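J.: Mind looking over this structure? Questions follow.
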Amino acid sequence: MNKEFLLTLQNEIAELEQLLIAKKQLLKEVKNNIPNETVLPAITQNTDNHSTPEDKISLFRSLFKGRDDVYAKRFESKKTGKSSYQPVCRNEWAKGICEKPKISCNNCTQRSFEPVTDEVIRYHLEGYYPTRNEWGKPAPFVMGIYPLLANETSNFLAIDFDKEAWQEDARAFMETCRLDDIPSALERSRSGNGAHIWIFFNKPVSAVKARKLGSLLMTRTLDRRPEIGLDSFDRFFPKSGYSAKGWFWEPDSPSPAKSGERKKS
């Protein structure tokens, strides 16, 4: 091993050490911009499977606070079998009013969205509409949230892990949150093959700052556990820190927990 190689290696190590110092300082600055009192503490309400529907709805509203003037509904394409979400509109497929699929919802002048109500949240928690489908069974229902508010703030940050190493990656990220005194909640995804980590704020926070906090927690996790790579990380919600042209500037967040929805892995 020659001296030139050793010198190069030492220089690279020095650069990495300086980068680590800079990242830690940046994390400190972001945490100062989003003080600990802004992040909700661990959930301590005595709400469980035996609580009243009203208590469960109240807890849901206190945590998953997005836009209240519109919500999304999960659907599965009969052609492709793939699932997605779309806003719930009173005029959808109404004869003489709705012009889908010729005109998209974004460009429609007749849209009239349904607001988030306690009844809608109840349907989500129960997992179905009270109305019957063509087979005489309750119609499945999953609600999606639009987390980016009109002033480009959000009440929570969600981190989505959904690839092969999601369990190890999610545990490592949760441990970083614990070490940095940032309360967080872990939820297994609908498929059972992924996870959502939720960080709730007790007041709206700039979506840019919320996403920056998530990025720095990812960096901090990689600083501690460089061997894991965090390859299962998919995205943050809100997906963007800024609103784009058009009504639906922010796609729905991962659907929060509800009963009877998890598939066995």
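The values are calculated or read from the model by the stated rules, or taken from the named source; none is laboratory data. Worth saying up front: this structure is predicted, and the values here are computed from it rather than measured. Glycine also receives a Cβ, built like all others from the backbone with ideal geometry; neighbour counts cover every protein chain displayed.
J.: Filter the stretch 164-213 down to residues that are outside any strand (DSSP E or B) and polar (S, T, N, Q) and give me whichever is surrounded by the fewest Cβ atoms within 10 Å (Cβ to Cβ).
T.: 191
For every residue, the table says whether it meets (1) farther than 18 Å from residue 126 by Cβ; (2) part of a loop (DSSP other than H, G, I, E, B).
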residue	(1), (2)
58	no, no
79	yes, yes
84	yes, no
92	yes, yes
97	yes, yes
101	yes, yes
109	yes, yes
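J.: Okay, next question. If we scan the stretch 219-236, do we find a residue that is at pLDDT below 95, under 29 Å from residue 69 (Cα atoms) and not aromatic (Phe, Trp, Tyr)?
T.: For the stretch 219-236, residues at pLDDT below 95, under 29 Å from residue 69 (Cα atoms) and not aromatic (Phe, Trp, Tyr): present.
J.: Now for a separate question. Here are some conditions: (1) more than 26 Å from residue 69 (Cβ to Cβ); (2) at pLDDT 90 or above; (3) of a type outside the set (A, V, I, L, M, F, W, C). Residue 196 meets all but one. Which one does it not meet?
T.: Residue 196 satisfies every listed condition except (1).
J.: Residue 156 - would you say it is more than 16 Å from residue 65 (Cβ to Cβ), of a type in the set (Phe, Trp, Tyr) and buried (at least 18 other Cβ atoms within 10 Å of the Cβ)?
T.: In short, no.
J.: If I go through the stretch 62-77 residue by residue, how many of them are at pLDDT 85 or above, in a loop (DSSP other than H, G, I, E, B) and not aromatic (Phe, Trp, Tyr)?
T.: 6
J.: Follow-up question, since we're still on this one. Since residue 128 meets every condition but one in (1) surrounded by 15 or more Cβ atoms within 10 Å (Cβ to Cβ); (2) at pLDDT 90 or above; (3) more than 29 Å from residue 211 (Cα to Cα), which condition does it not meet?
T.: Here residue 128 clears every test but (2).
J.: Inside the stretch 111-134, can you point out the residues that are part of a helix (DSSP H, G or I) and closer than 15 Å to residue 73 by Cα?
T.: 119, 120, 121, 122, 123, 124, 125, 126 - these are the residues of the stretch 111-134 that are part of a helix (DSSP H, G or I) and closer than 15 Å to residue 73 by Cα.
J.: Applying the selection to the stretch 142-153, what residues are crowded, with 19+ Cβ neighbours inside 10 Å, assigned to a loop (DSSP other than H, G, I, E, B) and hydrophobic (A, V, I, L, M, F, W, C)?
T.: 142, 145, 148
J.: Please work out which one of (1) over 20 Å from residue 237 (Cα atoms); (2) part of a strand (DSSP E or B) is the condition residue 160 fails and give its number.
T.: For residue 160, the exception is condition (1).
J.: When you check residue 145 against the structure, is it of a type in the set (Val, Ile, Thr) and over 26 Å from residue 55 (Cβ atoms), yes or no?
T.: No; evaluated as a whole, the condition is false for this residue.
J.: I'd like to verify a number: residues in the stretch 156-176 that are out of contact with any Gly (no Cβ under 7 Å at 6 or more places or on another chain) and farther than 19 Å from residue 231 by Cβ, how many?
T.: 1
J.: Since residue 173 meets every condition but one in (1) closer than 17 Å to residue 222 by Cα; (2) more than 16 Å from the chain's Cα centre (by Cα), which condition does it not meet?
T.: Of everything listed in (1) closer than 17 Å to residue 222 by Cα; (2) more than 16 Å from the chain's Cα centre (by Cα), residue 173 misses just condition (2).
J.: Given (1) of a type outside the set (Phe, Trp, Tyr); (2) assigned to a loop (DSSP other than H, G, I, E, B); (3) at pLDDT 90 or above, where does residue 54 come up short, assuming only one miss?
T.: Residue 54 satisfies every listed condition except (2).
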